[in-house]
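The values are calculated or read from the model by the stated rules, or taken from the named source; none is laboratory data. Just so we're clear, the structure is a prediction, and the values are computed from it rather than from any experiment. All Cβ positions, even for glycine, are placed from backbone atoms using ideal geometry, and neighbour counts span all protein chains on display. Surface areas here come from the heavy atoms of the whole protein model, side chains and all, with no ligands, DNA or RNA. Shrake-Rupley method; radii C 1.70, N 1.55, O 1.52, S 1.80 Å.
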Amino acid sequence: MSIKNICCLGAGYVGGPTCSVIALKCPEIKVTVADLSKDRIAQWNSEKLPIYEPGLDDVVRKCRGKNLFFSNNIEESILEADLIFISVNTPTKINGNGKGRAADLKYVEGAARIIADVAQNNKIVVEKSTVPVRAAESIANILIANQKPGVTYQILSNPEFLAEGTAVNDLLNADRVLIGGENTEAGREAVEKLCSIYEHWLPRKNIVTMNTWSSELSKLAANAMLAQRISSINSLSAVCEATGADVSEVARAVGLDSRIGSKFLQASVGFGGSCFQKDILNLVYICECLNLPEVAAYWQQVIDMNEYQKHRFTTKIIESCFNTLSGKKICILGFAFKKNTGDTRESPAIHVAKTLLDEGASIKIYDPKVDKEQIDEDLTNPYVCENPENYRKRISIYTDPYTASKDCHAIVVCTEWDEFVDLDYKKIYGNMMKPAYIFDGRKILDHQALINIGYHVQTIGKRL
Ligand SMILES: NC(=O)C1=CN([C@@H]2O[C@H](COP(=O)(O)OP(=O)(O)OC[C@H]3O[C@@H](n4cnc5c(N)ncnc54)[C@H](O)[C@@H]3O)[C@@H](O)[C@H]2O)C=CC1
Ligand SMILES: O=C(O)[C@H]1O[C@H](OP(=O)(O)OP(=O)(O)OC[C@H]2O[C@@H](n3ccc(=O)[nH]c3=O)[C@H](O)[C@@H]2O)[C@H](O)[C@@H](O)[C@@H]1O
């Protein structure tokens, strides 16, 4: 029997877009995305979705209320479903064993326990969250220990590779879909059923099947290797600044080698986002637990290089501004961790903003898609800030870049939003304090044009 009813636990950046695209491409399947959070579900059911993702509004508008539903009724969604995606968050543990490195599987475990409590018939349970290797075994243990008579489970691993800002396109045109399952008759049958969903829009050759543990590890490996490329080019950006080489030219030359390839070689203020750091820390922790300290140290270096890059960039700002920011106003353009998303998780802008605040500056922030409340939360929540009031009185948030930069001593570009390229920098210069500085942490601006206007310009990986 083919799949008729899908439920997804977790209506976040992965569950929402993934299930919306499945609903679009599989009109005969009912898809319900269920979440514990009442606010999040209310937003998915409103005109303003909880996440900004180009193209997503259209997909949701076409399917919502037809074969796509967002619900807080987790039990009912599980009862009805033949196949259940677990797309809950797997953050880094903040206390206990493995604190600061291991993935916290409490939400995955919670999801497995609800399924075990509620299920009355056979279910295929699909691990979509990014998890440590052999997490599927833990899910299976919970389900089997609470199994009701006549109910059987198949656990599959189906990690997600979408990137924020391009999620809809990544889902519609996935390089590959990965499915790991048990090599038994029932396991192979479950894998086939999941394949048949993706085959509604992807060629079979793009759907790769393998054993569960390989699938789980492949997800961590892919993120680790993507982040490694960024740390590699960022490390070379420091060499460029010290020698007069230009990191964009180096990246171009290196990337033309088809064995290396040109993607993901954009030097920057450092990578952000909810996953690269968390997944590499998780990999490091796994390696340590497996008594592979050399391997752990190797991957840890990718994170350390990223910290170094962020630190190098903020040090450059402080040193350029006569080594003191006390009483100065600095404009931060961009707060999201990359363009085309409103997500700020692990955004390098948070590091930049905090360092400038600690140096005594007042900061004026503009981002086209990040809410004021989010910025306030990122900079003043008690986990990250000992004295929120001291910070709060020196943070202001604007809805346009011209007001944000008015009377500032410097502009710092933290996100590569397209609109920053075409701003009227002459007009902005006229309203800034002099000397006026621009620090381009994304290498997106026309530096010579800015120098001609009168700015002092600094960027990554190139001496100006
Ligand atoms: N954000 C991204 O671009 C990508 C994330 N991933 C992975 O996907 C997973 C989910 O990530 P995001 O969607 O970004 O997380 P998120 O934090 O945006 O969403 C997770 C949602 O799960 C809900 N939840 C927690 N426990 C639940 C339960 N028992 N039942 C129902 N809902 C529950 C939370 O309320 C939250 O709304 C993580 O493991 C992440 O590493 C993988 C690829 C891309
Ligand atoms: O597991 C995940 O969460 C996802 O993590 C990343 O996706 P994402 O973090 O959304 O965005 P990326 O495009 O990978 O960018 C991550 C960070 O690296 C930075 N970056 C990216 C590319 C580059 O060349 N240079 C660079 O500094 C970006 O600005 C951003 O801060 C991966 O690209 C996805 O395949 C994966 O599914």
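How high is the relative contact order of segment 330-418, in percent, with contacts defined as C-alpha pairs under 8 Å that are six or more residues apart?
RCO, segment 330-418: 44 percent.
Please list the three semi-axes, largest first and in whole Å, of the ellipsoid equivalent to segment 398-464, using sqrt of 5 times the eigenvalues of its alpha carbon gyration tensor.
Ellipsoid semi-axes (Å, largest first): 17, 14, 10.
Mind jotting down the three principal axis lengths of segment 5-202 based on Cα atoms? Whole angstrom, largest first.
The Cα atoms of segment 5-202 stretch 42, 40, 33 Å along the principal axes, largest first.
Contour minus end-to-end for Asp58 and Asn291, with contour as 0.36 nm per residue of separation and end-to-end as the Cα-Cα distance?
The Asp58-Asn291 span can extend by a further 79.0 nm.
With the full set of protein chains in place, find how many percent of the accessible area of segment 210-464 is carbon and sulfur; take the probe as 1.4 Å.
Using a 1.4 Å probe with all protein chains present, segment 210-464 comes out at 53 percent carbon and sulfur.
Grab the DSSP H runs of the chain that are 4 residues or longer, score each as -39,500 (n - 2.57), total them, divide by all residues and round the 222 nm result to the nearest 500 deg cm²/dmol.
Dividing the helical sum by the residues of the chain leaves -13500 deg cm²/dmol.
At 7 Å along Cα-to-Cβ for each site, give me the label-to-label distance between Thr324 and Trp201 in nm.
My value for the distance between the label points is 5.8 nm.
What distance in nm separates the simple spin-label points at Glu76 and Ala245, each placed 7 Å from Cα in the Cβ direction?
Computed distance between label sites Glu76 and Ala245 equals 6.2 nm.
Please list, by residue number, every one of the GluC sites (Glu not before Pro) in segment 44-129 that is coil in DSSP and has at most 14 other beta-carbon atoms within 10 Å.
Passing sites in segment 44-129 are Glu47.
Could you look at segment 13-100 and say what percent of its accessible area is carbon and sulfur, using a 1.4 Å probe and all protein chains?
Whole-percent figure for carbon plus sulfur exposure: 50.
Determine the dipole magnitude for segment 217-269: charges of +1 sit on the beta-carbon of Lys and Arg, -1 on that of Asp and Glu, nothing else is charged, the reference point is the Cα centre, and the result goes in debye to the nearest 20.
320 debye
Residues in segment 436-464 near a label at Asp424, defined as backbone nitrogen under 18 Å from the 7 Å Cα→Cβ point?
The answer is 450, 453-455, whose backbone nitrogens lie closer than 18 Å to the label point.
Could you tell me the relative contact order of segment 48-111? Use alpha-carbon pairs under 8 Å, at least six residues apart, and round to a whole percent.
Relative contact order of segment 48-111: 20 percent.
Out of Leu171, Thr92, Gln266, whose Cα points farthest toward the positive end of the dipole of the chain (charges: +1 Lys, Arg; -1 Asp, Glu; placed on Cβ)?
Of the options given, the answer is Gln266.
How far is it, in nm, from the label point at Tyr308 to the one at His456 when both lie 7 Å from their Cα along the line to the Cβ?
2.7 nm
So if each residue of separation counts as 0.36 nm, and I subtract the Cα-Cα distance between Arg134 and Val384, what length gain in nm does that give?
86.8 nm
Over the Cα atoms, compute the radius of gyration (one decimal) and Dmax (the largest Cα-Cα distance, rounded to a whole number) for segment 210-464, in Å.
19.0, 62
Kindly report, to the nearest 10 Å², the accessible surface of Phe264 as traced by a 1.4 Å probe over protein heavy atoms only.
Accessible area of Phe264: about 90 Å².
Quote the relative contact order of the chain in percent (integer), defining contacts as alpha-carbon pairs under 8 Å separated by 6+ residues.
12 percent
Determine the principal axes of the Cα atoms in segment 1-40, then give the extent along each, sorted from largest to smallest and rounded to whole angstroms.
Computed over the Cα atoms, the extents are 33, 16, 12 Å.
If I take all pairs of Cα atoms in segment 329-421, what percentage of them are more than 20 Å from each other?
Counting every Cα pair in segment 329-421, those more than 20 Å apart make up 26 percent.
Could you pull the Cα extents of the chain along its three principal axes, largest to smallest, in whole Å?
Sorted largest first, the three principal extents are 76, 47, 43 Å.
Hey, what's the chain come to in accessible area per residue, 1.4 Å probe, Å²?
Value for the chain: 45 Å² per residue.
Subtract the Cα-Cα distance of Arg188 and Lys372 from 0.36 nm times their separation in residues, and report this length gain in nm to one decimal.
Full-extension gain reported as 61.4 nm.
How much net charge surrounds Ala296 when only other residues with a Cβ under 15 Å from its Cβ are counted (Lys, Arg +1; Asp, Glu -1)?
Around Ala296, the surrounding residues sum to -3.
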